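The block underneath contains the structure these notes are about, expressed in structure tokens.
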Amino acid sequence: MINLLAIEKPARYMGGEMGSISKDAADLRFALAFPDVYEVGMSHLGLRILYHVLNGVDGIAAERVFAPWPDMETQLKEAGDRLSTLESGTPLAACDIIGFTLQYELSYTNIVNMLRLAGIPLLAAERSAAFPLIIAGGPCAYNPEPLAPFLDAVLLGDGEEAVLEIAGAVLASKAAGSSKAELLERLAAIEGVYVPALFEPHYHPDGTLSAITPHKPGYTSVRRRFLSDLDTAPYPASPVVPFMKTVHDRVAVEIARGCTRGCRFCQAGYIYRPLRERSPDTILKLVEDALQATGYDEVSLLSLSTGDYSCVAPLISELMTRYAEARVAVSLPSLRVGTLTDGLIEDIRKVRKTGFTLAPEAGSARMRRVINKGITEADLIAGAASIYSAGWRLIKLYFMIGLPGETVDDVTQISTLARKVKDQAKAVGASGDVNVAVSTFVPKAHTPFQWEPQISMQETLDLQYQLHCELKKRKLRFKWQDAPLSLMEGVFARGDRRLAPVLVRAVELGCRFDGWHEHFSLQRWQQAFRDCGIEPEWYLRRRGLDEILPWDHLDCGVTREFLLAERERALAEAATEDCRNGACSACGVCDFKDVATRLAQKTELPPTPATENPEQQPTRMRLRFAKTGAMIYLSHLELITVFTRAVSRAGVPILFSQGFHPHPRFSFGTATSVGVESQAEYMDMFTASGMPAGEVRERLNAVLPEGLQVLEALEVDLKAPSISTLIESTRYRITIAKMTAEALREGRVQFLAHDSFVIERHKKGETQKVDLRSETISLMADGQVLELLAKRGKPLEFARAISGDDALKGEDVRIEKLDVVFAP
């Protein structure tokens, strides 16, 4: 049995979060599998959308599963358990469909490992209809060939509609008792679904592809799925709210999908076409509903280029005005230099600011013309001056090295341009820093540069060293992507099915979480390639323009002819205009009926009426609450996060601290150790007067997750001492099942016979001594249960002292916090 107390972050595996949906009975169980750790996967917008869409249908249960961190993988293996879903604990092998997100090439080993941990045969050819259907989707689906032998089907394109059609096909096959082959035929008939088994690659002696042979008449290529209207598409108004901090811990609203800027290196700019925008009214309604449902205090407006949104200025102004009193911040993660206006910068300045991120991508004007970036040095310098003038002290600049046709001088221009940006701070009378982040260009499928070579690992290291020296001279901070990671990304981004055995071997050698620096091992990967007879650098080579590419049978909508023409324009340093401005670039995506650019209408938003905000009189509420069930695994910080979200969702008029980063005015009693059940947790909160204590209790209980319950609430004097100073002692019940009643009674007698019992705590290089005997007020033993009343000391420390077992762990005992005794 899995013991979450032995896990570094139990909240990754608890489930039961606010907004999660658990269905006891379902006709079809669909596991949404994200091949990375929980806090990364829960930040992924696509997973949130599909979870909402699938669970909106009666009879379909969408459940989540994430790649287990190595400590959890060890627990699974030692316990003999299988990887299961969060919502119902259903083993993956018992689900009907497992849908993997293909977000990043360096997560591929996690996909293979998750199948292994689920006890599911890796190869699709070895799985009968008795096993779940294994499918995948996401940006890497546009060249899924390295994973093709493992996958039954792959969805290309937008998933909101297609995922329900896939679920319907599986339900129909279950009802008809269809074979696996018959199910794959059903799936192949769905627009956007690629069935790898229905295509067979053939190779020349030199290793290049000679043909990709289709095995189904009329199924010679697969065109991606298009969602025609984003404004009417389903979107989660009540997303799952994690207990722990995630990578993107905020409300996320997709304001547009697709980008027509035409940056030639950017795969997303081609595979997400055409541009489709949501209307401002729809966005405002989604924001309002999501804030109410989640209790978040920040909204992120997502798109490939948020600053290009047609109504960005009035939308942001309205959001700022509407949520200023509630202290809700608005963030725009993707801004282009060319879209920065003084008004937009001023609006962003009003909220919490850390660093301002800009992406010139290339240091020289020549290279920016090659990649069709469309910004000038003058634009960047002027934008930097405005940003520093508005009060920012840090600008982050993103560049790439290894772009097609790049020279040493082009790389040198990165440091030159970065220094010019930093100089703008002084020019406007401010102090400012610049962080320079540089990644290695990886040619991706379905872009004009898909035929270009990727620079070698050694070339990457040489250029990084050059930049390190130049940026250091100019007193600029430098961050870079590790060269081996770029190598691996490049190999799998343009790889073929012959890489599948390498993935299996790499997992056998221990490769996991390859995108995480602390887990990546180049040595293991080199051994895996050697063992499989594969030369990884071969995949980085230049591709012939007449060469068959591994993804040529997959159609993202943009034609090969357009990509070739764009490549020629890159060589000529010629610009391609953004088609949102009216001139169609004939990329091939649009049919101008169902598939077309859809822009939000530039209409004036109604102004938010001004409200009177009388000075709020504070009230101090003291709450006693219980923490049971799965909630015992929450850390103290996670518990604070849960209550922060809950007061907002419940509409409790919480007061905030002053300063640049205001926080709810909470004050908790002594933090209880993870794993301890409690009926006596205490906290004070400061609210605006007018809401009775009983109503505060009822409102919070209506929104708190199962296992957290407010038992008492009362108003106390504003100047009353803090809870922690009032606590005299705490009463615990400690059950030690591994000890006999007689041994426990003897241990109690011996412990109480001591005049003192001093233990040492070691933390952050310091040693603290605690006399457990002098802290003990009373101690009783009844069977295998201790009743302890103590002033200070952790109950597990007492359990070790009394049992005589210094190796006793939290999972070996059951600890219940029964009561707290306050000073009179």
Of the residues in segment 1-58 that are under 23 Å from Y296 (Cβ atoms) and among the basic types (K, R), the one that is least open to solvent (accessible area, probe 1.4 Å) is R12
Which number in (1) surrounded by fewer than 22 Cβ atoms within 10 Å (Cβ to Cβ); (2) modelled with pLDDT of 95 or more marks the one condition that R474 misses? (2)
Answer yes if at least one residue in segment 657-669 is part of a loop (DSSP other than H, G, I, E, B) and under 18 Å from V820 (Cα atoms), and no otherwise. yes
Taking segment 505-519 and keeping residues surrounded by 19 or more Cβ atoms within 10 Å (Cβ to Cβ) and either farther than 13 Å from S107 by Cβ or free of Cβ contacts under 8 Å to residues at least 40 places away in the same chain (or both) leaves R505
Residue selected from segment 477-495 under the condition open to solvent by 10 Å² or more (accessible area, probe 1.4 Å) and either β-branched (V, I, T) or in contact with a strand residue (DSSP E or B) (Cβ under 8 Å, 6 or more places away or on another chain) (or both), by the criterion farthest from F529 (Cα to Cα): R477
For segment 711-725, what are the residues that are assigned to a helix (DSSP H, G or I) and among the small types (G, A, S)? S724
Please specify each residue of segment 521-543 satisfying the condition of being open to solvent by 40 Å² or more (accessible area, probe 1.4 Å), not acidic (D, E) and not in a helix (DSSP H, G or I). C532, G533, R541, R542
Search segment 801-815 for residues being under 14 Å from Q784 (Cα atoms) and either in a helix (DSSP H, G or I) or charged (D, E, K, R) (or both), and hand back the single one that is modelled with the lowest pLDDT. D812
Scan segment 336-350 and give yes if some residue there is at pLDDT 80 or above, assigned to a helix (DSSP H, G or I) and crowded, with 19+ Cβ neighbours inside 10 Å, otherwise no. no
Checked segment 167-214 for anything among the hydroxyl-bearing types (S, T, Y) and outside any strand (DSSP E or B); matches are S173, S178, S179, T208
Residues located in segment 311-333, provided they are of a type in the set (S, T, N, Q) and surrounded by 18 or more Cβ atoms within 10 Å (Cβ to Cβ): S317, S331
Which condition number in (1) free of Cβ contacts under 8 Å to residues at least 60 places away in the same chain; (2) under 14 Å from G793 (Cα atoms); (3) among the polar types (S, T, N, Q) is the one that T730 fails? (1)
Members of segment 766-777 that are more than 25 Å from P721 (Cβ to Cβ), open to solvent by 20 Å² or more (accessible area, probe 1.4 Å) and either of a type outside the set (D, E, K, R) or part of a strand (DSSP E or B) (or both): E766, T767, K769, D771
Pair list, Cβ under 7 Å, 6 or more apart: segment 1-14 residue of a type in the set (D, E), other residue not in a loop (DSSP other than H, G, I, E, B): E8/D71
Cβ pairs under 9 Å, 6+ apart, first in segment 658-673 and under 19 Å from A329 (Cβ atoms), second at pLDDT below 80 and part of a strand (DSSP E or B): none
Looking at segment 378-396, can you tell me whether even one residue there is open to solvent by 60 Å² or more (accessible area, probe 1.4 Å), touching a residue at least 24 places away in the same chain (Cβ under 8 Å) and touching a Ser or Thr at 6+ places or on another chain (Cβ under 8 Å)? yes
Meets criteria (in a helix (DSSP H, G or I) and either out of contact with any strand residue (DSSP E or B) (no Cβ under 8 Å at 6 or more places or on another chain) or within 30 Å of I345 (Cβ to Cβ) (or both)) for I395: no
Anything in segment 75-89 that is open to solvent by less than 40 Å² (accessible area, probe 1.4 Å), more than 22 Å from the chain's Cα centre (by Cα) and not hydrophobic (A, V, I, L, M, F, W, C)? List them, or say none. Q75
Can you name the residue in segment 114-134 that is free of Cβ contacts under 8 Å to residues at least 40 places away in the same chain and under 24 Å from the mean Cα position of the chain (by Cα) and is also farthest from D229 (Cα to Cα) among such residues? A118
Determine, yes or no, whether A418 is in a loop (DSSP other than H, G, I, E, B), open to solvent by less than 10 Å² (accessible area, probe 1.4 Å), of a type in the set (A, V, I, L, M, F, W, C) and touching a residue at least 24 places away in the same chain (Cβ under 8 Å). no
Being open to solvent by less than 30 Å² (accessible area, probe 1.4 Å), farther than 25 Å from M244 by Cβ and in contact with a Lys or Arg (Cβ under 9 Å, 6 or more places away or on another chain): is that true of M691 here? yes
Do we have any residue at all in segment 193-201 that's open to solvent by 30 Å² or more (accessible area, probe 1.4 Å) and aliphatic (A, V, I, L, M)? yes
Would you check if there is a residue in segment 634-648 being modelled with pLDDT of 90 or more, of a type in the set (A, V, I, L, M, F, W, C), in a strand (DSSP E or B) and out of contact with any helix residue (DSSP H, G or I) (no Cβ under 8 Å at 6 or more places or on another chain)? no
Here are the criteria: (1) under 48 Å from the mean Cα position of the chain (by Cα); (2) free of Cβ contacts under 8 Å to residues at least 12 places away in the same chain; (3) open to solvent by less than 80 Å² (accessible area, probe 1.4 Å). Tell me which single one L786 does not satisfy. (2)
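The values are calculated or read from the model by the stated rules, or taken from the named source; none is laboratory data. Note that the coordinates shown come from a computational prediction; the quantities given were computed from them, not determined experimentally. A quick note on method: Cβ atoms are made from the backbone with ideal geometry, for glycine too, and the neighbour counts reach across all protein chains shown. With ligands, DNA and RNA removed, areas are computed over all heavy atoms of the protein, side chains included. Shrake-Rupley method; radii C 1.70, N 1.55, O 1.52, S 1.80 Å.
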